[in-house]
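To keep things clear, I will list the structure first and then write my remarks on it.
The values are calculated or read from the model by the stated rules, or taken from the named source; none is laboratory data. No experiment lies behind these values; they were computed from the predicted model shown. Counting neighbours? That spans all protein chains shown, and the Cβs are built from the backbone with ideal geometry, glycine included. Quick note on the areas: whole protein, heavy atoms, side chains included, nothing else; ligands and nucleic acids left out. Shrake-Rupley method; radii C 1.70, N 1.55, O 1.52, S 1.80 Å.
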Amino acid sequence: VPTVGNGGYVAVFTPNDTAHYQSVEKTIFVNVSKATPYIKTAPTATAITYGEALSASTLKDAVVWYSESDQQAVEGTFTWKEAATKPTVADSNKTEYDVVFTPTDAKNYNTVETKITLTVNKAASAPGLPNNTMEVDYSKKKVSDVTLPEGWAWQDEDKDKALTVGTAVKATAVYIGADKGNYETESVEISITRAECTHATTEVK
């Protein structure tokens, strides 16, 4: 089988009249183009968790042939074309990403690309998840007076709840960050306890 970039192959001319003629050899140069493999079965990608890049997903179980009709296996590896891309949960099993097949015999075969999807699971909890208990000073009169971490807000029905000194009041904080929907836990019920006034006994003059 001629290879790409070969140095030529020897051809032999054998005359019918061997009594009067000798055989002669000649090197013939053969121009061979690289073959483009046929991806019979695209690879499957292992699942990743939101926040991870495509590079965290392993590509496996692909089948690559010499051509659609020639089932000779072509050895090589699949890699993500843009491995640093970080999909969201909304992309899971929907958005297609390019993968590149690089033949082991790169001298005689071209690289070839195809598109596949993958599963993106939700991350455990949204960043900055507040604790489920809070102790605030006396100046905080209602739930909306209590500051939450960046990306979090009190749900509307709890904002105007009055805080009682020494008694826990329950309110729910919800995640409102730009990437909401990518986490298993995006809300938390918090028990808020208001402290007593530090200047309870005063004399007005």
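Tabulated results
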| quantity | calculated |
| --- | --- |
| Inter-part distance where the range 79-98 and the range 35-76 are each reduced to a Cα centre, Å | 15 Å |
| PHE13 - accessible surface, heavy atoms, 1.4 Å probe, Å² rounded to 10 | 120 Å² |
| Approximate shape of the range 89-205 as ellipsoid semi-axes (Cα gyration tensor, √5λ), whole Å, largest first | 54, 13, 10 |
| Cα shape, the chain, gyration tensor, a/c 1.5 rule | prolate |
| Base-10 log of normalised Debye intensity for the range 1-117 (one unit scatterer per alpha-carbon) at q = 0.12, 0.18 Å⁻¹ | -0.59, -0.93 |
| Accessible surface of the range 67-163 [probe 1.4 Å, protein heavy atoms]: carbon and sulfur percent | 44 percent |
| Efficiency of FRET from Cβ geometry, THR85 and PHE13, R₀ 41 Å, rounded to 0.05 | 0.10 |
| FRET efficiency, 1/(1 + (r/R0)^6) with R0 30 Å, evaluated for SER23 and GLN72 via beta carbons | 0.30 |
| Å² of accessible area per residue within the chain, as computed with a 1.4 Å probe and no ligands counted | 65 Å² |
| Length added when fully stretched, ALA153-GLU189, from 0.36 nm per residue minus Cα-Cα | 11.8 nm |
